[in-house]
Amino acid sequence: MSHARVQTWILAWTLCSIAASAALAKGSTSKLPDKGLLDPAWFGPGIEFHTTEDIDFLWVKPEFTVKGHKLLVDAWQDPDILEKGRDAKDSAKASELTALMPSRIRGALTATLAGVAEVSKDDGDMVITGRVVDCNAGNKAAKFWVGFGAGAGSVTFDIKITDKASGELLAGIHHRVISGTLMSEIDDKVAKWLEIFGNALKNDLAAPTPSTPPARD
């Protein structure tokens, strides 16, 4: 075999190996719910999510309640973007939302849980924290000129509620907020959903019944 053919064969083998590795990695990610954006391992072992009307993916410990408790809304961890191909604009928006979410959650829950549970940034027996796992800052020009969902912005995030003393997971939330029109921004949609989230907490997250099928995608 000539030297040129050997080089060609080595190059072809290398490219095939790279493609196979990428396919395996993609396949591994796609096995996770929500097209790879929901990683149950972040919440802890043995967590099986269900879908609900107001929260895309939800797990709740039996007999969970916030009534009479004090909720410590803690800082969020740095964004962990699981969707590949996002750009600097998307990353900047993810970081901005990460910094703002604790104060927005406190504001929303202080209003919706008044008389039911306390909300604090300093202390509590339940801890609420989260992370952004995907963010698309959107494109205003595409929204204006194209419409029909073009240029839509979105943010996908995880929220978990834990017992402060033991660290035990009490509730896990995975949700996506989408802004598809010029009439709204991601921040507007987040604020609207947080009000819904607060009311859901007020009703103890209305845990799905055991007969509700688990979320697979």
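Tabulated results
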{"item": "Neighbour-count order for ASP34, ASP87, ASP80, fewest beta carbons within 10 angstrom listed first", "result": "ASP87, ASP80, ASP34"}
{"item": "Sparse-neighbourhood loop sites, GluC sites (Glu not before Pro) in region 53-125 - DSSP loop, at most 13 other Cβ within 10 angstrom", "result": "GLU53, GLU63"}
{"item": "Segment GLU63-ALA114, length gained on full extension (0.36 nm per residue, minus Cα span)", "result": "16.3 nm"}
{"item": "Estimated distance in nm for a label pair at ASP204 and ALA152, the labels positioned 7 Å out from Cα along Cα-to-Cβ", "result": "3.5"}
{"item": "Fewest-first ranking of GLU195, GLU168, using other Cβ atoms within 10 Å as the exposure measure", "result": "GLU168, GLU195"}
{"item": "In Hz, Karplus ³J(HN,Hα) per residue of region 89-106 (6.51, -1.76, 1.60; θ = phi - 60°; x = Gly, Pro)", "result": "5, 5, 4, 5, 5, 4, 5, 4, 5, 4, 5, 8, 4, x, 5, 5, 5, 4"}
{"item": "For region 25-123, size of Cβ-based charge dipole, Lys and Arg +1, Asp and Glu -1, in debye", "result": "140"}
{"item": "Using θ = phi - 60° and Karplus 6.51 cos²θ - 1.76 cosθ + 1.60, couplings along region 113-121 (whole Hz; Gly, Pro as x)", "result": "9, 4, x, 10, 8, 8, 10, 8, 9"}
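Every read-out reported here was derived from the displayed coordinates using simple, explicitly stated rules and does not represent laboratory data. The shown structure was predicted, so the numbers you read here are calculated from the model rather than taken from an experiment. Because the Cβ atoms are built from the backbone with ideal geometry, glycine has one as well, and the counts that use them run over all protein chains shown.
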